[in-house]
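K.L.:
One structure is given below, represented as structure tokens, and several questions about it will come after.
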Amino acid sequence: MLLRFTAYALVATYFVASGFVPTHKKQTDKPPLTIVTDNTWDVSGQQTKFGEYPLSAERIASPTSPLLGGTYKAVTAEHNGRGKLVPGTVPIWRNRKADGEGEAYQFRKTVTLGAEPIQKITLEINCDDVARVYINKRLVSVEKRDGKLKDGYDKWFLFRSVSGFMFDRIYTYDVTDYFFTNVTNTILVEAVSLAFDGSHAYLSAKIVIEFAPTPEPTPPAKAAAPAKPKPNTKVETQKPVSAKPTADKENTVFEAGRDPEIEKLRVGSILELGHVYFKADNYQLDTASYRTLAALASFMKRHPGLKIEVGGHTNLRPSDRFATELSTNRARSVVRYLTDNGIAADRVTYKGYGKTQPRINVVSKEADRANQRVEVKVLAK
């Protein structure tokens, strides 16, 4: 017994003396972020026409541009008590009371997210009476109408891609895939009121962002002292890294007017998307990218058996974590363009490779252009 105790003591003394103390990775949980309708939301200064079709991305105001008729702050709307408000929210409108039947306004809220990974985002909403919800210029509310709607206002609820909300129901959407990290996200709602009695116009919504647990970073190990050079040792200069691409096979480029031959494609084939651009350190597609992506969507429609993975790649300059997040968000933006333009969601997936697969393993302007790219991998044909 004495010998065993002595052994334990010697081991503990070694760990303390050497500076090595085993640690367990702890999970740090960031509390959920909740956004609710209140008087901090922006509202358009004048009514907007609620059309049959959703707004195009070009017609949706940016986070800083003025809304139609000027940007004002929403006010607390008068509520007649019959509607079922989302708990914890303030019902809002342009005025406390609706002026008349068929008012339509735009409401906006921005949410800046950091680098914390997102686990789930839930939207709860009710309004009087019809709304479209856009997050980062992408339509969320895609249900045409509630089956209970059989009153005299059917014409309002037959519009395509519209959610007509029953006054006694709260509607829930999973909007996890609509938000991005490290950017300012924009929520815009078009809402229509059929307030025939001039009192029950309102928008009530809540968004809850749940963050995934992240491990605490492990302290970096102490660097070992450099070894002293031996006398008369020949010092060799480091050879420059070759600028030869990592892949030996020639890369195939896909762009408008340059469709690949479907017969020559096989599972695993990779196509680089030509002329697909993003703003620096951002996931937003430049409008110059639309021509190539429209051609890709048309190509996939002509070949309905084709399934692809969209892969994002960065240059070697950013940190590993930032490169992975940026490349993932960029790949997801391409997938969103495709699904928003008629490609079924089960035919496209995405992945961010960060800087793990550089074409040219150096840091230079030429290498940066080659390495920061978006590729398409054939999964099935």
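The values are calculated or read from the model by the stated rules, or taken from the named source; none is laboratory data. It should be emphasised that the depicted structure is a prediction, and the values quoted were computed from it without experimental measurement. Every residue, glycine as well, gets a Cβ built from its backbone with ideal geometry; the counts of neighbours run over all protein chains shown.
K.L.:
Would you check which residues across segment 288-307 are farther than 14 Å from Thr349 by Cα and in contact (Cβ under 8 Å) with a residue 60 or more places away in the chain and list them?
P.N.:
Hits for segment 288-307 are Leu296, His303, Gly305.
K.L.:
Give Ala57, Ala61 a once-over and let me know the one that is at pLDDT 85 or above, closer than 26 Å to Ile209 by Cβ and of a type in the set (Gly, Ala, Ser).
P.N.:
Ala61
K.L.:
In addition: Checking Tyr72 against (1) more than 26 Å from the chain's Cα centre (by Cα); (2) assigned to a loop (DSSP other than H, G, I, E, B); (3) not acidic (Asp, Glu), which test does it fail?
P.N.:
Result: Tyr72 passes all but (2).
K.L.:
Yes or no: segment 79-87 includes at least one residue that is within 26 Å of the chain's Cα centre (by Cα), of a type in the set (Val, Ile, Thr), assigned by TED's automatic domain parsing to the domain that holds Ser204 and more than 14 Å from Val189 (Cα to Cα).
P.N.:
yes
K.L.:
Look at Asp38 and say whether it is closer than 17 Å to Ile135 by Cβ and either at pLDDT 75 or above or surrounded by 15 or more Cβ atoms within 10 Å (Cβ to Cβ) (or both).
P.N.:
In short, no.
K.L.:
When you scan segment 94-109, do you find a residue that is touching a residue at least 24 places away in the same chain (Cβ under 8 Å), in a strand (DSSP E or B) and farther than 26 Å from Thr176 by Cα, even just one?
P.N.:
So far as segment 94-109 goes, yes, one or more of its residues are touching a residue at least 24 places away in the same chain (Cβ under 8 Å), in a strand (DSSP E or B) and farther than 26 Å from Thr176 by Cα.
Here is a yes/no grid of residues against (1) more than 20 Å from Ala57 (Cα to Cα); (2) part of a strand (DSSP E or B); (3) among the aliphatic types (A, V, I, L, M):
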{"position": "Asn182", "(1), (2), (3)": "yes, no, no"}
{"position": "Asn185", "(1), (2), (3)": "no, yes, no"}
{"position": "Ala191", "(1), (2), (3)": "no, yes, yes"}
{"position": "Ala195", "(1), (2), (3)": "yes, no, yes"}
{"position": "Ala201", "(1), (2), (3)": "yes, no, yes"}
{"position": "Ala205", "(1), (2), (3)": "yes, yes, yes"}
{"position": "Glu210", "(1), (2), (3)": "yes, yes, no"}
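K.L.:
Can you tell me which of (1) free of Cβ contacts under 8 Å to residues at least 60 places away in the same chain; (2) surrounded by fewer than 18 Cβ atoms within 10 Å (Cβ to Cβ); (3) of a type outside the set (Gly, Ala, Ser) is the one Gln357 doesn't meet?
P.N.:
All conditions are met except number (1).
K.L.:
So Val310 ticks every box in (1) buried (at least 20 other Cβ atoms within 10 Å of the Cβ); (2) touching a helix residue (DSSP H, G or I) at 6+ places or on another chain (Cβ under 6 Å); (3) without any contact (Cβ under 8 Å) to a residue 60 or more places away in the chain but one. Which box is left unticked?
P.N.:
For Val310, the failing item is (3).
K.L.:
Okay, moving on. Anything in segment 321-345 that is closer than 22 Å to Val267 by Cβ and in contact (Cβ under 8 Å) with a residue 24 or more places away in the chain? List them, or say none.
P.N.:
Ala331, Val334, Val335, Leu338, Ile343
K.L.:
Which one of these is touching a Cys at 6+ places or on another chain (Cβ under 9 Å) and either under 15 Å from Ile35 (Cβ atoms) or modelled with pLDDT under 85 (or both): Gly102, Gly88, Gly114, Gly83?
P.N.:
So the residue among Gly102, Gly88, Gly114, Gly83 that is touching a Cys at 6+ places or on another chain (Cβ under 9 Å) and either under 15 Å from Ile35 (Cβ atoms) or modelled with pLDDT under 85 (or both) is Gly83.
K.L.:
Take the residues in segment 180-222 that are of a type in the set (A, V, I, L, M), within 22 Å of Ile170 (Cβ to Cβ) and out of contact with any Asp or Glu (no Cβ under 7 Å at 6 or more places or on another chain), then tell me which one is modelled with the lowest pLDDT.
P.N.:
Out of the qualifying residues, it is Ala191.
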